[in-house]
1. Could you list all residues from segment 1-47 that are polar (S, T, N, Q) and either surrounded by fewer than 16 Cβ atoms within 10 Å (Cβ to Cβ) or modelled with pLDDT under 95 (or both)?
2. Would segment 318-328 turn up any residue that is among the hydroxyl-bearing types (Ser, Thr, Tyr), out of contact with any Cys (no Cβ under 6 Å at 6 or more places or on another chain), at pLDDT 95 or above and surrounded by fewer than 24 Cβ atoms within 10 Å (Cβ to Cβ)?
3. Pairs only if they're at least six apart or on different chains, beta carbon under 9 angstrom, first in segment 97-115 and in contact (Cβ under 8 Å) with a residue 60 or more places away in the chain, second outside any helix (DSSP H, G or I); list them, first residue then second.
4. I'd like the residue in segment 182-198 that is farther than 17 Å from residue 92 by Cβ and part of a helix (DSSP H, G or I) and, out of all such residues, is most open to solvent (accessible area, probe 1.4 Å).
5. When segment 87-113 is examined, which residues are found to be among the β-branched types (Val, Ile, Thr), in a helix (DSSP H, G or I) and buried (at least 16 other Cβ atoms within 10 Å of the Cβ)?
6. When both residues are 6+ apart or on different chains and their Cβ atoms are under 6 Å apart, which pairs have a first residue that lies in segment 41-52 and is in a helix (DSSP H, G or I) and among the aliphatic types (A, V, I, L, M), and a second that is surrounded by 21 or more Cβ atoms within 10 Å (Cβ to Cβ) and modelled with pLDDT of 95 or more?
7. Looking only at segment 262-275, decide whether some residue is touching a helix residue (DSSP H, G or I) at 6+ places or on another chain (Cβ under 8 Å), open to solvent by 10 Å² or more (accessible area, probe 1.4 Å) and either in a loop (DSSP other than H, G, I, E, B) or modelled with pLDDT under 95 (or both).
Amino acid sequence: MAGLARAGGRARRGARLNHAVGANPSVRRLEAALAERTAANRAFFETEAERLARLCHRMAERFARGGRLVAFGRSPAARSDVRHVAVEFVHPVIVGKRALPAIGLAGEGGPLGHQVDLVARPDDIAIAFGAGDDGGEAAAAIATARERGCLTVAFAPAGAEWELEPAVRDPSIGQELVETLYHVLWELVHVFFEHRGLLEGRAERRVHDTGASSFLYPFLAEGEHDLEAVLDDVRRSALLKSAEVGELRAQTLTDNRDELLGAAAGLRHDLDGGGQVLALGNGGSATDAMDAVADFRIPPDPAWPARPAIDLTEDPAILTAIANDIGTEAIFARQVIAYGSAGDCLLALSTSGNSGNVIAALAEARRRELRTIALVGYDGGRVAADGLADHVIVTRSEHIPRIQEAQASAYHALRELLELAS
């Protein structure tokens with residue numbers, strides 16, 4: 001365990017592991033991880049809430065003029081965020097939100113700057129992930145986007161007009177804060193579509209009829225002349241959402257402490273014995289599976305060993321072949337048959353706990369004697385009620401973006417805890 005500590009001022013998680021002392025260092029470490037996330041979440045959104053509200057306004061202007069969101073990133077972790085933000089905008093999970101055009105560009109498509117040069121249009125919104133950790137590719141793509149006339153956003157210094165950088169040293173915590181931020185952008189950009197008279201370049205200045213949305217955002221009845229009042233309400237809503245995920249993260253890491261510790265110990269046993277991780281999920285949960293696999297293969301802390309992991313959402317040829325020939329319920333179970341063996345572990349992510357293809361994969365994994373770990377939302381769904389996984393971590397919410405944000409903390413904690421386990 002001492003070998004996990006990193007020397008010098010560059011220490012991230014490793015140095016903090018020195019605080020995990022006592023009879024059960026894993027418990028102490030999990031408590032410390034939660035405290036770090038709670039403090040970072042509060043500080044980041046208190047600092048950035050006003051700018052976030054103004055960015056929502058500017059993004060809404062671009063979308064209203066026919067612009068698109070163009071997200072890009074080079075690293076495996078950045079790629080998961082690129083895919084996540086794109087699916088959230090294109091396929092909204094909250095009833096009443098409109099689908100908005102979004103395109104994800106990742107490393108498999110070639111140099112990011114070249115891809116952006118081919119795709120970006122003047123009214124688009126360009127968002128860079130992983131800037132500063134990709135040899136300058138994101139910065140080059142941002143420069144191209146700015147020349148094209150795009151609104152540019154980044155979460156690290158990259159020459160973007162809007163840079164919202166978490167002041168944290170732990171890359172996993174930083175990624176969790178960014179995920180909450182782009183979820184909040186997606187949720188609150190819609191407010192300004194209800195105030196089209198406040199969008200630059202539009203002639204309409206009607207007072208909004210709140211209609212069915214009034215119970216969610218009562219401030220939508222504001223007059224079209226009062227931009228600052230709407231911005232202030234959006235700012236306060238962003239703070240409420242960040243507080244909500246802070247509470248949900250605490251519930252997830254505290255109520256499920258024993259499940260996380262047991263899963264980490266079992267996973268360590270499997271991996272040390274030559275096993276591998278298979279990860280899966282649908283939609284935004286698929287991108288979380290991508291992220292989890294990236295963290296196993298390329299550890300956030302260089303002192304940790306790389307661990308073998310397969311992303312069952314990664315290959316569109318396999319997914320579409322199985323879906324077309326057999327059905328969507330088999331897309332993961334069929335791959336468990338192909339890749340899984342006794343001594344491996346299946347990591348399943350589901351916001352509902354009821355997805356048929358997730359349940360089928362868990363059942364197949366048990367038949368093949370794989371360890372099964374499930375991260376689920378709501379009340380745990382069938383996965384929790386029927387005990388369909390060996391370790392079930394339940395995030396008790398019905399709000400999908402918040403569930404996914406808290407689940408990110410859980411699988412990041414799992415990745416760290418397995419290196420503490422023995």
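The values are calculated or read from the model by the stated rules, or taken from the named source; none is laboratory data. Note that this is a predicted model, so its numbers are computed, not measured. Note that each Cβ is placed from the backbone with ideal geometry, even for glycine, and that neighbours are counted across all protein chains shown. Note: areas computed on protein heavy atoms with side chains; ligands, DNA, RNA excluded. Shrake-Rupley method; radii C 1.70, N 1.55, O 1.52, S 1.80 Å.
1. Restricting attention to segment 1-47, the residues satisfying the condition of being polar (S, T, N, Q) are 18, 24, 26, 38, 41, 47.
Result: 18, 24, 26, 38, 47.
2. Taking segment 318-328 first, the residues among the hydroxyl-bearing types (Ser, Thr, Tyr) are 320, 328.
Filter once more, so that each one left must be out of contact with any Cys (no Cβ under 6 Å at 6 or more places or on another chain): 320, 328.
Now narrow it down to the ones that are at pLDDT 95 or above: 320, 328.
Subset that is surrounded by fewer than 24 Cβ atoms within 10 Å (Cβ to Cβ): 320, 328.
Looking through segment 318-328, at least one residue is among the hydroxyl-bearing types (Ser, Thr, Tyr), out of contact with any Cys (no Cβ under 6 Å at 6 or more places or on another chain), at pLDDT 95 or above and surrounded by fewer than 24 Cβ atoms within 10 Å (Cβ to Cβ).
3. As it stands, the answer is 98/92; 100/68; 100/69; 100/92, since those pairs meet every condition given.
4. Checked segment 182-198; the qualifying residue most open to solvent (accessible area, probe 1.4 Å) is 196.
5. Just the residues of segment 87-113 that are among the β-branched types (Val, Ile, Thr), to begin with: 87, 90, 93-95, 103.
Narrowing further to those that are in a helix (DSSP H, G or I): 87, 90.
Hit for segment 87-113 is 87, nothing else.
6. 49/238; 52/238
7. No, the conditions are met nowhere in segment 262-275.
Let's see how each residue does on (1) within 17 Å of the chain's Cα centre (by Cα); (2) polar (S, T, N, Q); (3) more than 24 Å from residue 139 (Cα to Cα); (4) not in a helix (DSSP H, G or I):
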residue: 35; (1), (2), (3), (4): no, no, yes, no
residue: 54; (1), (2), (3), (4): no, no, no, no
residue: 58; (1), (2), (3), (4): no, no, no, no
residue: 66; (1), (2), (3), (4): no, no, yes, yes
residue: 71; (1), (2), (3), (4): yes, no, no, yes
